[in-house]
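The values are calculated or read from the model by the stated rules, or taken from the named source; none is laboratory data. Note that the structure is a prediction, hence the values are computed from the model and not measured. A quick note on method: Cβ atoms are made from the backbone with ideal geometry, for glycine too, and the neighbour counts reach across all protein chains shown.
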């Protein structure tokens with residue numbers, strides 16, 4: 001099974017994707033810890049059912065030294081004892097920001113306040129942008145039916 005459209009061979013898609021990729025690079029270079037970035041990217045992708053991104057972010061996290069225990073526990077982070085309070089706050093913001101339509105009124109103030117206790121403004125900007133960007137990539141990949149399982153760590157930079 002292949003994707004519905006080859007975005008890598010489409011000129012319009014190429015123009016658009018370079019902007020998304022640039023945003024992703026800026027997030028990677030931000031002061032938001034890389035481990036937090038990978039955990040959030042993985043959780044957003046799990047919530048959205050994006051197999052392509054689950055595959056990519058779990059493999060990239062392993063390549064960066066993340067443990068399999070923590071990766072396996074991302075889906076059940078509330079009950080897991082392997083995450084820092086800051087990571088837990090980021091995962092909660094990621095879920096609330098991804099499931100924004102499920103909760104009238106958007107992200108609850110207490111979720112935002114908890115994240116703001118653990119991250120400075122620059123980190124919060126990077127975290128919010130990461131959540132939004134992951135939701136964009138997930139939606140594109142799900143619509144395209146991008147196949148999962150063959151991603152190689154670092155394949156996209």
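Per-structure values
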read-out: Search result, residues across the stretch 113-127 that are part of a helix (DSSP H, G or I) and surrounded by fewer than 17 Cβ atoms within 10 Å (Cβ to Cβ); value: 113, 116, 117, 121, 122, 125
read-out: Any hit, the stretch 128-146, residues being without any contact (Cβ under 8 Å) to a residue 24 or more places away in the chain, within 16 Å of the chain's Cα centre (by Cα) and under 23 Å from residue 29 (Cβ atoms); value: no
read-out: Tally, over the stretch 34-59, of residues that are in contact (Cβ under 8 Å) with a residue 40 or more places away in the chain and within 22 Å of residue 125 (Cα to Cα); value: 12
read-out: Residues of the stretch 60-70 classified as surrounded by fewer than 19 Cβ atoms within 10 Å (Cβ to Cβ) and touching a residue at least 24 places away in the same chain (Cβ under 8 Å), total; value: 4
read-out: Boolean, residue 23 is in contact (Cβ under 8 Å) with a residue 60 or more places away in the chain and under 26 Å from residue 112 (Cβ atoms); value: yes
read-out: Matching entry among 94, 75, 101 (being surrounded by 12 or more Cβ atoms within 10 Å (Cβ to Cβ), more than 12 Å from the chain's Cα centre (by Cα) and under 26 Å from residue 3 (Cβ atoms)); value: 75
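Results for (1) modelled with pLDDT of 90 or more; (2) assigned to a helix (DSSP H, G or I); (3) over 19 Å from residue 146 (Cβ atoms), shown as yes or no for each residue.
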| residue | (1), (2), (3) |
| --- | --- |
| 7 | no, no, no |
| 13 | no, yes, no |
| 45 | yes, yes, no |
| 53 | yes, yes, no |
| 75 | yes, yes, yes |
| 88 | yes, yes, yes |
| 95 | yes, yes, yes |
